Amino acid sequence: METKLSVNINKIATIRNARGGNTPNVVQASIDCERFGAQGITVHPRPDERHITTQDTYDLSKVVTTEYNIEGYPDERYMNLIAELKPAQATLVPDPPHVLTSNAGWDTETHLENLRNIITEIKKHGVRTSIFVDTNLKNIEYAAKTGVDRIELYTGPYAEQYPINREKAIAPYVAAANLAHELGLGINAGHDLSLENLAYFKEKIPYLAEVSIGHALISDALYLGLENTIQLYLKRLI
Ligand code: PXP
């Protein structure tokens, strides 16, 4: 199965915001990522706008020609953004406004009703839905009950364990992916995926539809260049 590479460009906005001008240009970077082979662009517009701003999400929606994926906590602001921009995919993350990065998936049993309502609402706009979850099988089971199209597996723990014992690191992801597939869910993955750990993840996880990668990819681009880096990530997904 083809696995799409969606480049998360939050970090480009972080560098831009450090100086308050428009360098590097987030819109141009997105156009270039696609030109260099990325099959999707991901952003996570946080309420404090510390990287991607609301304006960025509008500007990007006019230029992204591959799959535009907007991540976020489904508050009123996020829901309005999705209704207006109708991106290819809305990825729901459970993090409160001020955390540094998404570092946990949804407790889908506790939030079942709420998630079901939100997902129904988003689907009315013709937007594909995904929810960020860990590998706890109960969370996968309840994810399916929300009516969501896909899950995004939180790969932070995989990336942490990979250098120590990759077989042990991947095992819960194989189980989670198999169950998700059985339940009719598509499978995305993201967080701390890198040139080092991506190929093994792709090799072992059946039915991987998309990975979204930001931190490591943009960091690699400092040394290797953006075009070359994207090509290297794409090669890990063959
Ligand atoms: N997926 C989700 C839900 C995220 O919040 C992030 C980070 O913004 C990523 C994927 C990408 O993670 P990383 O920047 O570590 O590649």
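Just a few scattered comments:
- Residues considered: Tyr200, Tyr223, Tyr207. Of these, the only one that is away from the ligand (no atom under 13 Å from the Cβ), under 29 Å from Asn139 (Cα atoms) and either of a type outside the set (Phe, Trp, Tyr) or more than 18 Å from the chain's Cα centre (by Cα) (or both) is Tyr200.
- So Asn114, is it open to solvent by 20 Å² or more (accessible area, probe 1.4 Å), assigned to a helix (DSSP H, G or I) and away from the ligand (no atom under 12 Å from the Cβ): yes
- Tyr158 vs. criteria under 19 Å from Asn103 (Cα atoms) and over 19 Å from the mean Cα position of the chain (by Cα): no
- Selection within region 58-109 - of a type in the set (S, T, N, Q) and within 14 Å of the ligand (Cβ to nearest atom): Asn69, Gln89, Thr91, Thr101, Ser102, Asn103
- For region 1-45, filtering for residues that are crowded, with 20+ Cβ neighbours inside 10 Å and over 22 Å from Leu232 (Cα atoms) leaves 4.
- Some residue of region 82-97 being of a type in the set (Gly, Ala, Ser) and surrounded by 18 or more Cβ atoms within 10 Å (Cβ to Cβ): yes
- Residue in region 208-218 that is more than 25 Å from Lys123 (Cβ to Cβ), among the hydroxyl-bearing types (Ser, Thr, Tyr) and either open to solvent by less than 40 Å² (accessible area, probe 1.4 Å) or part of a helix (DSSP H, G or I) (or both) present: no
- Applying the criterion of being in a loop (DSSP other than H, G, I, E, B) and out of contact with any helix residue (DSSP H, G or I) (no Cβ under 7 Å at 6 or more places or on another chain) to the residues of region 4-19, the residue that is nearest to Leu195 (Cα to Cα) is Ala18.
- Members of region 46-80 found to be aliphatic (A, V, I, L, M) and surrounded by fewer than 20 Cβ atoms within 10 Å (Cβ to Cβ), listed by number: Val63, Met79
- Residues satisfying the stated conditions in region 170-180, i.e. under 13 Å from Lys202 (Cα atoms) and buried (at least 17 other Cβ atoms within 10 Å of the Cβ): Ile170, Tyr173, Ala177
- Hits in region 147-167 - residues which are β-branched (Val, Ile, Thr) and either closer than 20 Å to Ser212 by Cβ or at pLDDT below 95 (or both): Val148, Ile151, Thr155
- First in region 144-165 and part of a helix (DSSP H, G or I), second anywhere and within 11 Å of the ligand (Cβ to nearest atom) and open to solvent by 10 Å² or more (accessible area, probe 1.4 Å), Cβ under 8 Å, 6 or more apart: Gly156/Asn103; Gly156/His191; Gly156/Asp192; Tyr158/Asp192; Ala159/His191; Ala159/Asp192; Ala159/Ser194; Glu160/Asp192
- Beta carbons closer than 9 Å, at least 6 apart along the sequence or on distinct chains, pair a first residue in region 1-28 that is over 26 Å from Lys202 (Cα atoms) with a second that is of a type in the set (Lys, Arg) and open to solvent by less than 40 Å² (accessible area, probe 1.4 Å) for Asn22/Arg16; Thr23/Arg16; Pro24/Arg16; Asn25/Arg16; Val26/Arg16.
The values are calculated or read from the model by the stated rules, or taken from the named source; none is laboratory data. Because the structure is a prediction, the values reported are computed rather than measured. As a convention, Cβ positions derive from the backbone with ideal geometry for all residues, glycine included, and neighbour counts pool all protein chains shown. We work out accessible area using only protein heavy atoms, side chains counted, and drop any ligands, DNA or RNA first. Shrake-Rupley method; radii C 1.70, N 1.55, O 1.52, S 1.80 Å.
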